[in-house]
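Encoded as structure tokens, the structure appears first; notes follow it.
Since every read-out is calculated from the coordinates, none of them should be taken as a lab result. If you're wondering where the values come from, they're calculated on a predicted model, not measured in any experiment. We place every Cβ from the backbone using ideal geometry, glycine too, and count neighbours over all the protein chains shown.
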């Protein structure tokens, strides 16, 4: 199992996939964990998830950790296949709980009730590809199995 989780080809594609998802998701995680980039920080995000969205505390905490720690791990290329799988779960959860009712398209012009789920599908696609390629070049995963 560990062999599969840390296995990776030596491709530029894996590098591009993990850096793209990691760099895009890190600000979202930093908003939730640290309050950076206009976010509310850990305590307020947990309160919102549990109070307003009625998510269990453990799931709320997991979302924040996956978005923050997972992004950092993707950037350095550590456990990318596992983190990609977790990001897929988070994105499916976001679609189901928040974005599906707003339709497919993002709210580019502010004329929808909220954001659609096209962004989430892009992340799911990138993460699915990452599960097949692994971390790619310049990754901690390659050092682990070397």
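For this structure, a couple of remarks:
- Burial ordering of 9, 141, fewest other beta-carbon atoms within 10 Å first: 9, 141
- Relative contact order %, region 1-98, counting alpha carbon pairs below 8 Å whose residues are six or more apart: 31
- Three-way shape label, region 107-146, alpha-carbon gyration tensor, a/c 1.5: prolate
- Among 12, 64, the ranking by other beta carbons within 10 Å of each residue's beta carbon, starting with the fewest, stands as 12, 64.
- Compactness of the chain - radius of gyration and Dmax, Cα, Å: 15.8, 52
- Residues of region 70-85 with amide N under 12 Å of a point placed 7 Å along Cα→Cβ from residue 37: 71-72
- Take the Cβ atoms of residue 100 and residue 143, set R0 to 35 Å, and the FRET efficiency comes out at 0.30.
- Whether region 6-70 is rounded, prolate or oblate, judged on the alpha carbon gyration tensor where a/c under 1.5 counts as rounded: prolate
- Region 67-146 - Rg (one decimal) and Dmax (whole number), Cα, Å: 15.0, 52
- Calculated FRET efficiency for the pair residue 9/residue 122, C-beta based, R₀ 22 Å, to 0.05: 0.50
- Each part gets one Cα centre, and for region 11-34 versus region 67-113 those centres are 11 Å apart.
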